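Before any comments, here is the structure.
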Amino acid sequence: MNQFVDDIGEAVKAKNPGEIEFHQAVIEVAESIELVYEKYPHYRSYKIFERMVEPERVIMFRVPWMDDQGEIQINRGFRIEMNSAIGPYKGGLRFHPSVNLGILKFLAFEQVFKNSLTSLPIGGGKGGSDFDPKGKSDNEVMRFCQSFMSELFRHIGPDTDVPAGDIGVGGREIGFMFGQYKRLKNEFTGVLTGKGLNWGGSLIRPEATGYGAVYMAAEMLATRNETLEGKTCLVSGSGNVAQYTTEKLLELGAKIVTLSDSSGYIYDEKGIDREKLEFVMDLKNVRRGRIKEYVDKFPDAVYTPSDPSADFNPLWNHKAQCAFPSATQNEINGKDAQHLLDNGVYVVSEGANMPTTLDGVKLFLDAGILYAPGKAANAGGVAVSGLEMAQNSSRLPWTREEVDKRLQMIMKNIHKTCVDQAEHFGTPGNYVNGANIGGFIKVADAMIDQGLV
Ligand code: NDP
């Protein structure tokens with residue numbers, strides 16, 4: 001490791017003890033920024049990166065609510081307002097028991113680069129709670145969301161900070177939070193994205209992250225004159241991103257053989273077709289069941305439960321050409337990455353945020369495969385959130401075709417930025433450097449223009 005990465009790594013670890021995911025995200029980006037500091041030393045003298053690792057504001061609050069048994073429950077709420085140099089803070093809310101300050105800081109940090117890459121005027125933020133919506137009734141989820149928004153509302157606004165969904169936060173949760181915001185502020189504004197279509201949402205927003213990750217894979221393959229048609233794909237997760245990744249892959253003629261949730265994964269050698277995907281969507285979005293039920297309905301498939309004591313995930317150990325990690329952070333470790341390479345995978349497009357550990361990333365880069373990191377590959381979600389904000393401001397909804405066309409154009413541009421910047425900084429084909437540097441430059445220049453704030 002070089003001196004700059006060592007120094008910033010040590011400083012961030014000392015100031016943010018125990019926040020391992022945040023340390024990991026910073027170190028990964030720092031390795032790219034070192035190249036920028038060498039080529040353009042003025043960024044070093046302005047200490048841009050050193051400023052970017054410090055959030056502009058961190059908000060933490062109590063979220064009390066009452067469950068269906070009349071018992072009081074207490075969760076913790078967060079919002080990290082990371083960087084507003086190029087626009088209002090923007091980034092999702094995550095409701096999951098694993099949520100803590102370090103995870104949200106890593107997500108907010110990644111979001112700054114991702115949002116910059118979209119070329120839309122949006123800064124970076126992230127938030128959420130350690131609340132677990134799994135197994136809760138609709139009424140419990142509503143009471144929690146109302147309590148959460150009763151504090152968050154004073155920190156956000158359509159020109160200040162515009163949250164969206166993430167793990168555990170879908171259309172239902174956004175609806176309850178939007179309702180409470182509107183009630184408290186007496187304002188109907190585009191303060192959240194991912195809204196319902198009847199009340200300010202954008203067509204294609206639910207699909208955007210998954211579709212975008214597939215468009216990114218298609219762009220990468222095009223550099224080798226190949227397409228997704230006929231390719232076998234491993235997809236993890238079975239939530240929003242996994243579902244629409246699968247949908248778009250099917251449309252483009254690929255074969256999808258896996259899906260998962262936190263309890264285990266299914267392997268369907270025959271491929272997950274439209275009918276099977278419809279079953280999964282109903283299972284996950286309506287009945288809120290477990291992926292295990294897939295094999296009850298389609299007995300040719302095999303279910304393997306998660307083994308918390310294992311040091312690899314067997315989902316990544318099947319023959320395929322493409323992988324779309326779409327569940328959560330660090331779901332591909334070094335061993336998994338090696339399994340993917342050994343099984344013939346040469347396209348990895350990350351729908352999830354930071355799903356690959358640092359040693360896994362290194363293996364992909366050394367192998368020279370087509371590897372798009374999350375901040376580039378999954379930027380389609382926030383991009384369409386940005387388009388939702390534009391539609392809200394103009395009070396004019398766009399057609400499905402219009403939004404999808406813009407999403408495809410944005411993903412094409414992100415791909416080009418990655419390729420051009422990687423080349424410009426002497427690491428052709430390295431989408432990690434391309435994305436980190438492409439995201440950094442625009443924010444850095446804006447920070448210099450705006451002075452020491
Ligand atoms: P959902 O809540 O809709 O789905 C998440 C899926 O991942 C579920 O299948 C869930 O299983 C699984 N999962 C979650 N945590 C774990 C875990 N610790 N171990 C194993 N599996 C897990 O979330 P999304 O699809 O929206 O998000 C998935 C990923 O994509 C996240 O990394 C998110 O940050 C990223 N992302 C999402 C965007 C969006 O627009 N939604 C935008 C950009 C990135 P279970 O139900 O058992 O928990």
Segment 17-101: trypsin sites (Lys or Arg not before Pro) in DSSP coil with no more than 12 other Cβ atoms inside 10 Å: Lys47
Local electrostatic count at Gln321 - Lys and Arg +1, Asp and Glu -1, tallied over other residues with Cβ under 10 Å: +2
Percent antiparallel among DSSP beta bridges (both partners in segment 23-167, rounded to 5): 70 percent
Tally of Lys pairs whose C-alpha atoms are under 22 Å apart, taken over segment 233-370, 8 or more apart or cross-chain: 24
For segment 251-289 and segment 118-186, distance of Cα centres in Å: 28 Å
Segment Ser45-Lys297, length gained on full extension (0.36 nm per residue, minus Cα span): 84.6 nm
The chain - Cys residues lacking any other Cys C-beta under 4.7 Å: Cys145, Cys418
Shape call, the chain: gyration tensor on alpha carbons, a/c limit 1.5: rounded
Accessible heavy-atom area order of His23, His42, highest first, probe of 1.4 Å: His42, His23
Shape of segment 3-188, Cα gyration tensor, a/c cut at 1.5: prolate
Calculated FRET efficiency for the pair Ser309/Leu396, C-beta based, R₀ 51 Å, to 0.05: 0.40
DSSP-defined antiparallel bridges as percent of all bridges, the chain, nearest 5: 60 percent
Distance between segment 366-392 and segment 217-239 - C-alpha centres, whole angstrom: 15 Å
Surface per residue (accessible, 1.4 Å probe) for segment 257-390, Å²: 38 Å²
Computed accessible area, Lys114, all protein chains, 1.4 angstrom probe, square angstrom: 10 Å²
Surface accessible to a 1.4 Å probe, per residue, for the residues of segment 161-233, Å²: 38 Å²
Helix-derived mean residue ellipticity, 222 nm - over the chain, DSSP H n ≥ 4, -39500 (n - 2.57), to 500: -15000 deg cm²/dmol
Cα convex hull volume per residue for segment 152-218 (Å³): 97 Å³
Prolate/oblate/rounded call for segment 282-428, Cα gyration tensor, a/c under 1.5 rounded: oblate
With DNA, RNA and ligands ignored, accessible area of Trp316 (1.4 Å probe; Å², nearest 10): 0 Å²
Eligible lysines near Lys375 by straight Cα distance, threshold 16 Å, same-chain separation 8 or greater: Lys90, Lys105, Lys114, Lys126, Lys412, Lys416, Lys442
Radius 10 Å from Cβ of Val384, net charge of other residues (Lys, Arg +1; Asp, Glu -1): -1
The chain, accessible surface, carbon-and-sulfur percent (1.4 angstrom probe): 51 percent
Å² of accessible area per residue within segment 1-113, as computed with a 1.4 Å probe and no ligands counted: 43 Å²
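The values are calculated or read from the model by the stated rules, or taken from the named source; none is laboratory data. Just so it is clear, the model here is predicted, and its values are computed rather than measured. So basically every Cβ, Gly included, is an ideal-geometry build from the backbone, and we count neighbours across all protein chains shown. Heavy atoms of the whole protein, side chains included, go into the accessibility calculation; ligands, DNA and RNA do not. Shrake-Rupley method; radii C 1.70, N 1.55, O 1.52, S 1.80 Å.
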